[in-house]
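The values are calculated or read from the model by the stated rules, or taken from the named source; none is laboratory data. Since this is a predicted model, take the numbers as computed values, not measurements. Here the Cβ is made from the backbone with ideal geometry for all residues, glycine too, and neighbour counts use every protein chain on show.
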Amino acid sequence: MPVITCIEDLKRLYRRRAPRMFYDYAESGSWTEQTFRENVTDFAEIRLRQRIAVDMTGRSTAGQMVGQDVAMPVALAPVGLTGMQNADGEIKAARAAEKFGVPFTLSTMSICSIEDVADHVTKPFWFQIYTLNDDDFNRKIIDRAKAAGCSALVITVDLQILGQRHKDLKNGLSAPPKFTIPTMLNLATKWAWGLEMLQTKRRFFGNIVGHVEGVSDPSSLSAWTAEKFDHALNWDKIRKLMDMWGGKVILKGVMEAEDAQKAAEIGADAIVVSNHGGRQLDGALSSIRMVPEIAAAVGDKTEVWMDGGIRSGQDVLKAVALGAKGVMIGRAFVYGLGAMGEAGVTKALEVIHKELDTSMALCGETRLGNVGKHNVLMPKDFLDRYL
Ligand code: GLV
């Protein structure tokens, strides 16, 4: 087994192992990918203050996310097509998260279905839905998530229309891949991936195929989105989805203080400051830059989390220092999954946890609850460079 010391190591292995089409799907932003890049590079602008002679014994990264105990406040984000990065990927990621003690969120666009994942874990996981114009589908999928015992619903509120990711169009992204000549040539070099994929039946969008009628091409994410996303979404409809669920709700994709306040007002248990990993509105500021303003606007009316650009435990610490109570990771766990299956997701979590724990200690903190702006240094104009 190769020596893995950081998330970047997992990414290198993942790139070698996964078919180009699925690597590109994860490793893309929309249009120029400016927001996708800045989610990462803005974290690098924030520095940590080193403290000495502080008793670091008995420290802990544990906390709670929407009332659930977590080993560290890092949830696995919903990621579409995870079961194409590695055979049975959602089940593997869910099991790794459960064993580690962090939440796993299953995407509506998963390959393994809700029921299938539920059959392979012992504790409740979270389920993600989009805002679709099909009430019947919304109700049915929410009922399925309830029946599977899911403990929170993540509503993605920034995807009524799909931001264009050039590589997906060029690669003809689909699940399973279509047998075009470029795809076949690439798959021929990914034999380990292919062997595992041949041994599983889970190769289609498990939550959709067999559960809806009238989707012209169920293997294509863009066809589905074009047909079903609700262009007429408004706050009342979000509230209606929340009511349909009736349990803990996390609204993911909030980038403005005013929207965050509204989300808190309608009773969201948490919001995720998120630009969808730079995959939706290219040109939006990085998520981390928006966290302080949003956290200040919302106070303790709802939990403020963030995602986008987290590639290390130091990034988690910086996010917490700037006001996030928790984070979600998408690519960081997908790299691990694509590199080494369930063991790779565990590795990604271990890497992030160790970095978080050690960095917190070197900053002189023993509890994440005490971490704050006093732990970081930022360029003078970091928070108001863009007006
Ligand atoms: C789906 O939510 C995606 O970003 O591809």
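Is it fair to say Arg47 is out of contact with any Gly (no Cβ under 9 Å at 6 or more places or on another chain), modelled with pLDDT of 95 or more and of a type in the set (D, E, K, R)? It is true that Arg47 is out of contact with any Gly (no Cβ under 9 Å at 6 or more places or on another chain), modelled with pLDDT of 95 or more and of a type in the set (D, E, K, R).
Among the candidates Thr122, Thr108, single out the residue that is within 16 Å of the ligand (Cβ to nearest atom) and closer than 28 Å to Ile250 by Cα.
Thr108
If you check Arg51, Arg20 for being more than 16 Å from the ligand (Cβ to nearest atom), surrounded by fewer than 23 Cβ atoms within 10 Å (Cβ to Cβ), among the charged types (D, E, K, R) and under 19 Å from Ser219 (Cα atoms), only one passes: Arg20.
Output the residue which, of all residues in the range 69-94 that are closer than 16 Å to Met306 by Cα and of a type in the set (Gly, Ala, Ser), is nearest to the ligand (Cβ to nearest atom). Out of the qualifying residues, it is Ala77.
For Lys201, state whether it is touching a residue at least 40 places away in the same chain (Cβ under 8 Å) and closer than 28 Å to Glu98 by Cβ. No: the conditions fail for Lys201.
Please verify whether the range 38-45 includes one or more residues that are within 16 Å of the ligand (Cβ to nearest atom), more than 23 Å from Gly309 (Cβ to Cβ) and either free of Cβ contacts under 8 Å to residues at least 12 places away in the same chain or not charged (D, E, K, R) (or both).
Within the range 38-45, none of the residues are within 16 Å of the ligand (Cβ to nearest atom), more than 23 Å from Gly309 (Cβ to Cβ) and either free of Cβ contacts under 8 Å to residues at least 12 places away in the same chain or not charged (D, E, K, R) (or both).
The set of residues in the range 142-175 that are more than 19 Å from Val212 (Cβ to Cβ) and either more than 19 Å from the chain's Cα centre (by Cα) or among the charged types (D, E, K, R) (or both) comprises Gly149, Asp158, Arg165, His166, Lys167, Asp168, Leu169, Lys170, Asn171, Gly172, Leu173.
Applying the condition of being in contact with a Lys or Arg (Cβ under 9 Å, 6 or more places away or on another chain) and in a helix (DSSP H, G or I) to the range 239-259 and asking which residue is surrounded by the fewest Cβ atoms within 10 Å (Cβ to Cβ) yields Met244. Enumerate the pairs (first residue in the range 140-158 and within 16 Å of the ligand (Cβ to nearest atom); second residue anywhere and in a strand (DSSP E or B) and of a type in the set (Ser, Thr, Tyr)) with beta-carbon separation below 9 Å, excluding pairs fewer than 6 apart on the same chain, so at least 6 apart or on different chains. That search, which allows pairs on different chains as well, returns Val154/Thr105.
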